[in-house]
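Notes follow once the structure below has been shown.
Just so it is clear, none of the values below were taken in a lab; they were calculated from the coordinates. Owing to the predicted nature of the structure, the values given are computational and were not obtained by experimental measurement. Ideal geometry is used to build each Cβ from the backbone, glycine not excepted, and the neighbour counts take in all protein chains shown.
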Amino acid sequence: MGPAMPAHPRGRPTTDTERAMNLSCFAQSYAEARQKFLASCARRGLAVDSHVHPLPGRDGEQLAIDVARLGAADAANLLVLSSGCHGIEGFCGSAIQIDRLDDDAWFAACQRGDLALLYIHALNPYGFSWERRVTQENVDLNRNFQDFAAPLADNPDYRAVAKLLLPERCPPTLASTLGLYGYALRHGRKALQAAISRGQHGDPRGLFFAGTEPTWSNRQLRQILRQHGRQCRRIGWIDVHTGLGPSGYGERIYKGRQEPADIARARQWWGPQVTNSAEGNSASSELNGTLDLAVLDECAQAQYNGLTLEYGTQPGLKVLTALRAEQWLENRPDTDAATRARIKAQLRAAFYVETDAWKRQVLEQAREVLELTRQGLATPLRALHQSESQAIAEQYSGMRARS
Ligand SMILES: [Zn+2]
């Protein structure tokens, strides 16, 4: 979906770096992922602060947002790596965190008086464990960072497609799927994607529900930000997601203020391929209530540099079909075990590609993005001159025009 480019042509030979990759950082369940994360933190001598969730996990295990920090409390630069904002997408992000905990060279490079690392494991542990994209409140956490004191945004476009998205029958009738195609024909495919995925407050049993109050995960993250994010002067944040774009390609989606200097700085740090939903060049639509808003809100003293690292899995239509079926299932707890198992497996495949090739691609790109973040956080802390912003913007439009 979208104009994203594959990182490498298919069929290229495996490089030495990839062969050296230890893929055991990828887990089969939330419980296993958490245990691996905690073990890696312990090996590194990092204390972990666990925000324990009120509900048990799918296998009866404890659920928590686990936070590990390395570096001085008043370090000027804070590098944040977070996983599991969208529950089941945490298989990917958790593996990256473990890979970046187990690497001595990475840790040596990060040993700097003015730099701290913050790993936030499983922002939405409930969704991770139960293999859902949403929280226990059926809320899309990455749409939930809203100002709930203000009137909530209406999404009439979602209402227009809601019945087609989640009809009574599963698999949906041909008529409802044709109805969605019709909407895309009339308004454009991007408009349909935006209607569905932007976030909606009206239907708590619907897709991409943004909630009507802050979720448990939202409240915990704000607490973590107050504790860890208020003494730094600059933040570089990588939030790992899956489910959009070409399989194995990690799209670097800009998150932060829509200010030309800030966007330009992101492209200076992470390359001209950084996309921005507001510019219409990302596989993602413009979204409401995303995580970066909480950071900008809670850590207003710091310069914010945020990236959603979004890995493709399956074609967009397949991912949407999986999401529709799984929400249908959630709304019908009496569904028979065989149907349930089939639908849950379909959802897992839509957000976690369990092949060595995909896992290698994930780690390879994450390592690069994190190294670039570390380097960005080592540059002098100053605003870009207008001429510099302009030059980067021009380089970017040139590249887009050619691609
Ligand atoms: Zn996501």
Local electrostatic count, residue 230, Cβ distance below 15 Å [Lys/Arg +1, Asp/Glu -1]: +2
Residue-wise HN-Hα coupling along the stretch 106-117, computed from phi with Karplus coefficients 6.51, -1.76, 1.60 (Hz; x: Gly, Pro): 4, 5, 4, 5, 8, 6, 8, x, 9, 10, 10, 10
Partners for residue 163 among lysines (Cα-Cα distance below 18 Å; same-chain residues under 8 apart left out): none
Cut-off under 5 Å, modelled amide H: who pairs with residue 275 long-range: 252, 253, 254
C-alpha center-to-center spacing [the stretch 36-91, the stretch 152-192] in angstrom: 37 Å
Proximal lysines to residue 359, defined as alpha-carbon separation beneath 26 angstrom and excluding residues fewer than eight positions away on the same chain: 36, 255, 318, 344
Net charge dipole size for the stretch 158-295 [Lys, Arg +1 and Asp, Glu -1 on Cβ; Debye, nearest 20]: 240 debye
Estimated [θ] at 222 nm from DSSP helical runs (n ≥ 4, -39500 (n - 2.57)) normalised by residues in the chain, nearest 500: -13000 deg cm²/dmol
Sequence of 181, 126 once ranked by neighbouring C-beta atoms within 10 Å, starting from the fewest: 181, 126
5 angstrom amide H check on residue 64, placed H, neighbours 5+ away: 53
Choice from 221, 174, 185 showing the highest fluctuation, given a GNM over the chain with Cα pairs closer than 10 Å: 174
Under Karplus coefficients 6.51, -1.76 and 1.60, residue-wise ³J(HN,Hα) of the stretch 72-88 in Hz, glycine/proline x: 5, 4, 10, 4, 5, 10, 10, 9, 10, 10, 10, 9, x, 4, 9, x, 4
Net charge, residue 296 excluded, C-beta distance under 14 Å - Lys, Arg +1, Asp, Glu -1: -1
Using θ = phi - 60° and Karplus 6.51 cos²θ - 1.76 cosθ + 1.60, couplings along the stretch 334-340 (whole Hz; Gly, Pro as x): 7, 4, 5, 4, 5, 5, 4
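Of all beta bridges DSSP finds with both residues in the chain, what is the antiparallel percent, to the nearest 5?
Of all bridge pairs located within the chain, approximately 40 percent are antiparallel.
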Label point at residue 112 placed 7 Å out along Cα→Cβ; residues across the stretch 309-331 whose backbone nitrogen lies under 16 Å: none
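Rounding to the nearest 20 debye, state how big the charge dipole of the chain is about its Cα centre with +1 on each Lys and Arg Cβ and -1 on each Asp and Glu Cβ.
Roughly 560 debye for the chain.
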